[in-house]
There are 2 protein chains.
Amino acid sequence: MEIKNYGEDQLIEYIQQRFLTPPPLVGMGDDCAVIPNGNQALLVTTDSLVEGIHFIKSLISPENLGYKTLAVNISDIVAMGGIPNYAVLAMALPGNIDSDWFERFIQGVKSACNQFNIALLGGDTVGSKGDLFFNVTMIGSAAMDKIKYRNTAKPGDVVCVTGFLGDSSAGLQALIDNIEPSSFSIKCIQQHLHPQIDPQHGLWLGAHEGVHAMIDLSDGLDKDLKRILLSSKCGATIELSQIPISAALKETCLHQHWDPLKFALFGGEDYRLLLTISQNKLLQIQNGFRKAFDSELYVVGIINDSPMGHIRYFREGNPIQFEYSGYKHFDRESI
Amino acid sequence: MEIKNYGEDQLIEYIQQRFLTPPPLVGMGDDCAVIPNGNQALLVTTDSLVEGIHFIKSLISPENLGYKTLAVNISDIVAMGGIPNYAVLAMALPGNIDSDWFERFIQGVKSACNQFNIALLGGDTVGSKGDLFFNVTMIGSAAMDKIKYRNTAKPGDVVCVTGFLGDSSAGLQALIDNIEPSSFSIKCIQQHLHPQIDPQHGLWLGAHEGVHAMIDLSDGLDKDLKRILLSSKCGATIELSQIPISAALKETCLHQHWDPLKFALFGGEDYRLLLTISQNKLLQIQNGFRKAFDSELYVVGIINDSPMGHIRYFREGNPIQFEYSGYKHFDRESI
């Protein structure tokens, strides 16, 4: 059988079953691995960007690509409530890459390292016969009792996100379709090319016991929420009228006759946080978050005890079925 | 200008100059990065294996490839005097990879993890349009005062290696040329496909102050010694009659009319240790090593104060010039 018949999560599960992690280590199945050291812990994560799968070279500047290579890993550390500290960068480069392109890529890496105070400690530079391949492994740190996991959601928790959803994937669609640019579509494109990540959000939320489960939104609300639900052995209902949609996404979709929810639920690469909060702590945490960041925690649903991993969607109380839950861009999810 | 005009070391130097590592961290320019934590330190290294560059899929079993993906990283930790502890594995897999091949690859990874007591903590599994790409980042540990670096060789030190050189690259040549197998060539091929690494060697040598500089032999004695010399700002002489050549390499070369020294000096993938030892500690360390491991430390040359990075080769005292110092297999060094 060819491996494309497996999904990414199935492949990870296959490996996970063969590499049982001895406690107190936390291994596969969350955004980061956790290596405890007394009251503190190291967080370790690794993420790759492959040409033709995660990016199309002609559609992203080398500076943005370099920045994003770091950003997708920073997002994983932040989603566990940690601070990113160190990175190593592995690159496979075809020999015909222009040295100017390479230098601008490194400039983008440096810009992310400077912004987030990360030391790039090393790497590996090898040739490639075909495509560009980048991989970053990032090491972060957190207090053991502030780390948030995927498997700690509880029935009755509210489901929240830390910002607008869908802009990034709509921006990618705008790039691929080469649509006539507007001030709105440009904002979506910008979110795709240069994602905004705020490590303070994760750190602040990590410090609150009322926050139960947390994950970063890299593959879309639908898929990432299912990861929390499967880990936590529960289900959820989502109220579609509560999904935060930016004016940029709304207007872009209006002009293109696109459905904004397609991007918000199934698009991916939002790099916002998806979390569950104990109901009796919600108001306090929402108010505190607003005060700390002048930014909203959007409530989008409720965790329940319905069958494991199942999300039921409602619009103003009426159940909704989606046709396109399998939405994919490029072949990101093809294995 | 195309990037293939740079060498790998030039590219690393370019990046290194732009990412100055604040002490006490040790960043780029050694086998591992060093993150001090009191008297202890974390060692971090990353190494990639790319199809068509580092391996040809039809010439190596998936089990051996999985094992080797870990082994090349273990070798870097060992070369700093550390113990490997944790690994994360990133894979880019074309969708048409057979699931049986993949399962056997994972079995090879597991076999290395079991043998060296390494916890595989996580990874990233993504699609690839073309070639297979594997990257491992490994985290090890060492006592701060036992770590060995590249930049600590001193004029007068003797240059030693921990085992036979050249078997692996001759084994690769035998595979590529599809030569008629003999018991000798099979031993070389086995060393290429399933390198022998002894972490105790590095740990033992790290504990000896008389050992000054150390590196693992991944790109051949000539290239890896030059890395020590450039870092340590000195030169070396190598006596060719002292290079340890196995019977397997000697006999294979005899039959194929190959020059064993071509493989021993320029071949790469030996994964032995190359080190420099204070002359007045040599005998004690050699005897101790023999007693501990029933294995030899082979003296092959002397560090001197000749121009930076320069190796002079002698055979029984007579200077020798090589024609093929640029020996490459595949395109490993093409960028």
- [ ] Express the carbon and sulfur contribution to the solvent-accessible surface of the stretch B:45-98 as a percent, rounded to the nearest whole number, probe 1.4 angstrom.
- [x] 49
Open item on the list: Assume the label is 7 Å from Cα along Cα to beta carbon: what separations in nm does A:Asp259 have to the matching positions in the other copies?
Closed with: 7.0
- [ ] Report the accessible surface area buried between chains A and B, summing both sides, using a 1.4 Å probe on protein heavy atoms only, in Å² rounded to the nearest 100.
- [x] 5700
Open item on the list: What would the Debye equation give as log₁₀ I(q)/I(0) for the stretch A:117-213 at q = 0.11, 0.18, 0.21, 0.23 Å⁻¹, counting only Cα atoms as equal point scatterers?
Closed with: -0.61, -1.06, -1.09, -1.13
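Can you give the average number of partner chain beta-carbon atoms within 10 Å of each beta-carbon in peptide A:135-147, as a whole number? Intermediate results must be reported in sequence, preceding the final value.
Details: counts 13, 5, 14, 2, 6, 0, 0, 0, 0, 0, 0, 0, 0.
Average neighbour count from other chains, rounded to a whole number: 3.
Report the Stokes-Einstein translational diffusion coefficient (µm² s⁻¹, integer) for the protein assembly as shown, Rh taken as the Kirkwood radius over Cα pairs, at 37 °C with viscosity 0.692 mPa s. Can you show the working numbers first?
Working: Rh = 26.3 Å.
Answer, rounded: 125 µm²/s.
Under the classification rounded if a/c is under 1.5, otherwise prolate if a/b is larger than b/c and oblate if not, where does the stretch A:195-241 fall, given a ≥ b ≥ c as square roots of the Cα gyration tensor eigenvalues?
Details: a/c = 1.90, a/b = 1.33, b/c = 1.42.
Cα axes put the stretch A:195-241 in the oblate bin.
Measuring with a 1.4 Å probe in the full set of protein chains, what accessible area per residue, in whole Å², belongs to the stretch B:204-297?
Numbers: 3600 Å² over 94 residues.
About 38 Å² of surface per residue is accessible.
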- [ ] Find how many whole Å separate the alpha carbon centroid of the stretch A:244-267 from the alpha carbon centroid of the stretch B:198-256.
- [x] 60
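Count charges around A:Ala79 for me, please; just the other residues with Cβ under 10 Å from its Cβ, Lys/Arg as +1, Asp/Glu as -1. Display every interim value, and only then the final one.
Working: positive: A:Lys148, A:Arg150, A:Arg272; negative: A:Asp30, A:Asp31, A:Asp76, A:Asp216, A:Asp224.
Net local charge, A:Ala79 excluded: -2.
For the stretch B:18-118, just say rounded, prolate or oblate: build the C-alpha gyration tensor, square-root its eigenvalues into a ≥ b ≥ c, call rounded for a/c under 1.5, and beyond that prolate if a/b exceeds b/c, oblate if not. Intermediate results must be reported in sequence, preceding the final value.
Working: a/c = 2.81, a/b = 1.91, b/c = 1.47.
Prolate, since a/c reaches 1.5 and a/b exceeds b/c.
How much net charge surrounds B:Gly301 when only the other residues with a Cβ under 11 Å from the Cβ of B:Gly301 are counted, with Lys and Arg +1 and Asp and Glu -1? It would help to have the intermediate numbers written out before the result.
Numbers: positive: B:Arg312; negative: B:Asp157, B:Glu239.
Taking every Cβ under 11 Å from that of B:Gly301, the sum is -1.
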TODO: Choose one answer from A:Asp76, A:Asp305, A:Asp270: the residue with the largest mean-square fluctuation in a GNM of chain A with alpha-carbon springs under 10 Å.
DONE: A:Asp305
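Classify the stretch B:50-204 as rounded, prolate or oblate, taking a ≥ b ≥ c as the square roots of the eigenvalues of its Cα gyration tensor: rounded when a/c is under 1.5, otherwise prolate if a/b is larger than b/c and oblate if not.
Working: a/c = 2.15, a/b = 1.25, b/c = 1.72.
Oblate, since a/c reaches 1.5 and b/c is not below a/b.
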Task: Span-rule helices in chain B, defined as complete DSSP H runs reaching 20 Å or more along the axis (Cα) with Kyte mean at least -1.0 - done: B:62-78, B:99-116
Task: Centroid-to-centroid separation of the stretch B:1-71 and the stretch A:52-72 [C-alpha atoms, Å] - done: 21
- [ ] Express the relative contact order of chain A as a whole percentage, based on alpha carbon pairs under 8 Å and six or more residues apart in sequence.
- [x] 22
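Please state the charge dipole magnitude for the stretch A:141-200, taken about the Cα centre, from unit charges on C-beta atoms (+1 on K and R, -1 on D and E), reported in debye and rounded to the nearest 20. Numbers along the way, then the final one.
Details: 5 positive and 6 negative charges, 66 e Å.
Using only the charged Cβ atoms, the result is roughly 320 debye.
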Task: GNM top mover of A:His194, A:His212, A:His257 - chain A, alpha-carbon springs below 10 Å - done: A:His257
- [ ] Report the label-to-label distance for B:Thr152 and B:Gln242 in nanometres (one decimal), using points 7 Å from each Cα along the Cα→Cβ vector.
- [x] 2.2
Open item on the list: I'd like the mean, over residues of A:111-124, of how many other protein chain beta carbons sit within 10 Å of each residue's own Cβ.
Closed with: 6
Open item on the list: Using the Cα centre of chain B as the reference point, and only Cβ charges (+1 on K/R, -1 on D/E), how large is the resulting charge dipole? Debye, rounded to the nearest 20.
Closed with: 640
Open item on the list: Can you list the copy-to-copy distances for B:Gln10, using a point 7 angstrom from Cα toward Cβ, in nanometres, shortest first?
Closed with: 4.7
Task: Cα-centre dipole for the protein assembly as shown with unit charges at Cβ (Lys and Arg positive, Asp and Glu negative), debye to 20 - done: 1160
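Divide by every residue of chain B the summed helix terms, -39500 (n - 2.57) for each DSSP H run of at least 4, and state the resulting mean residue ellipticity at 222 nm, rounded to the nearest 500 deg cm²/dmol. Write down the numbers at each step before the final one.
Numbers: 10 runs with 117 residues, N = 335.
Using -39500 (n - 2.57) per qualifying helix, the result is -11000 deg cm²/dmol.
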- [ ] Would you mind pulling out the separation of the Cα centroids of the stretch B:97-149 and the stretch B:271-308, in Å?
- [x] 30
Open item on the list: Taking amide H atoms as placed 1.01 Å from N in the peptide plane, list the residues 5 or more away in sequence, or in a different chain, whose amide H sits under 5 Å from that of B:Tyr149.
Closed with: B:Met214
TODO: Please give the per residue accessible area of the stretch B:1-127, computed with a probe of 1.4 Å over protein heavy atoms only, in Å².
DONE: 34
TODO: Could you please report the charge total around B:Val34, scoring K, R as +1 and D, E as -1 over all other residues with beta-carbon less than 15 angstrom from its beta-carbon?
DONE: -1
Task: Residue pairs, from the table A:Lys4/A:Lys148; A:Lys154/A:Lys226; A:Lys223/A:Lys262; A:Lys129/B:Lys223, whose Cα atoms sit over 20 Å apart - done: A:Lys4/A:Lys148; A:Lys129/B:Lys223
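The values are calculated or read from the model by the stated rules, or taken from the named source; none is laboratory data. Just so it is clear, the structure is predicted and the values come from calculations on it, not from any experiment. Glycine gets a Cβ as well: all are built from the backbone with ideal geometry, and neighbour counts include every protein chain shown. Remember, those area values only see protein heavy atoms, side chains included, never the ligands or the DNA or RNA. Shrake-Rupley method; radii C 1.70, N 1.55, O 1.52, S 1.80 Å.
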